[in-house]
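The values are calculated or read from the model by the stated rules, or taken from the named source; none is laboratory data. Because the structure is a prediction, the values reported are computed rather than measured. Heads up, the Cβs are rebuilt from the backbone with ideal geometry, glycines too, and the neighbour counts pull from every protein chain shown. The area values use the complete protein model at the heavy-atom level, side chains included, leaving out ligands, DNA and RNA. Shrake-Rupley method; radii C 1.70, N 1.55, O 1.52, S 1.80 Å.
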Amino acid sequence: MDPMTQSAQISSSQGFADGQNSAAKESKMSDSFLSSSPVSLIQSPQVKDLIHWRDPKKSGVVFGLSMLLLLSLAAFSVISVVSYLLLALLCVTITFRIYKSVVQAVQKSSDGHPFKSLIDKDVSIPPETFRKHVDASLTYINRALKQMSRLFLVEDLVDSLKLAVVMWLFTYVGAVFNGITILILANILLFAVPPIYEKNKTQIDQYIDLARTQVNTTMAKLQEKLPGAMKRTKTE
């Protein structure tokens, strides 16, 4: 075989292997990011059991407390809500402490401090756990910065136009709702949509597929009308 041809084949095979290794690394990093994303929190078994009302009592308590907190934030300032919550907690612990002290004095027992087991419990955050959460936060921040740079510097015209449309729609949403109202609606939807979707999964999936097809068709027509230099270039 010609030495030049053999060398070209070796270089091609090495380049292909490097490309496969690079793709494998990127896939691994993507899987790692997705596994630590907030979506994975919603998909965890405990959260899924809550929002699907597997245990109605537990789900009802969580939903009721979350709604009470959001409604309190809607009616009062954050400082007032936090202060009232901490004051209520202090009232409960102080009352229980005094009650146990009186009971021990009457019964002449030596049970000691009622919260001794909790006081002796180590509540410090391990450095490894702190670094782990910092690294995860940096992953989200870097990804967000990269996306913002790509969108606002118009690397892809179609994606930047999508962002512009979304921001324009949010101006109308912000004129009608404030942040707390949106959080209240999101909390209601979080506990209401999963059970409804679970009961009507087939019909809902059909409507979602129709909507996705319509959106893709509209975006394809939009890309066809853009100048050739600005069209999206897809690499598979």
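Points to keep in mind about this one:
- Hey, Ala88 exposed (fewer than 12 other Cβ atoms within 10 Å of the Cβ) and part of a helix (DSSP H, G or I) or not: yes
- Among the residues making up region 94-119, those that are in a loop (DSSP other than H, G, I, E, B) and either within 34 Å of the chain's Cα centre (by Cα) or surrounded by 12 or more Cβ atoms within 10 Å (Cβ to Cβ) (or both) are His113, Pro114, Phe115.
- Test: residue in region 130-150 that is in contact with a Ser or Thr (Cβ under 6 Å, 6 or more places away or on another chain), open to solvent by less than 80 Å² (accessible area, probe 1.4 Å), farther than 27 Å from Gly64 by Cβ and among the aliphatic types (A, V, I, L, M): yes
- Verdict on Ser124 being farther than 30 Å from Leu185 by Cβ and loosely packed, with under 10 Cβ neighbours inside 10 Å: yes
- Every residue from region 139-193 that is without any contact (Cβ under 8 Å) to a residue 12 or more places away in the chain, over 30 Å from Phe76 (Cβ atoms) and β-branched (Val, Ile, Thr): Ile141, Val154, Val165, Val166
Conditions (1) within 19 Å of Val62 (Cβ to Cβ); (2) open to solvent by less than 80 Å² (accessible area, probe 1.4 Å); (3) in contact with a Leu (Cβ under 8 Å, 6 or more places away or on another chain), marked per residue:
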site	(1), (2), (3)
Tyr172	no, no, no
Gly179	no, yes, no
Ile182	no, yes, no
Leu190	yes, yes, no
Pro195	yes, yes, no
Asn200	no, yes, no
Tyr207	no, no, no
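- Restricted to region 132-228, the set of helices (runs of 4 or more DSSP H) holding at least 1 residues that are within 22 Å of Ile51 (Cβ to Cβ) comprises 179-199, 201-225.
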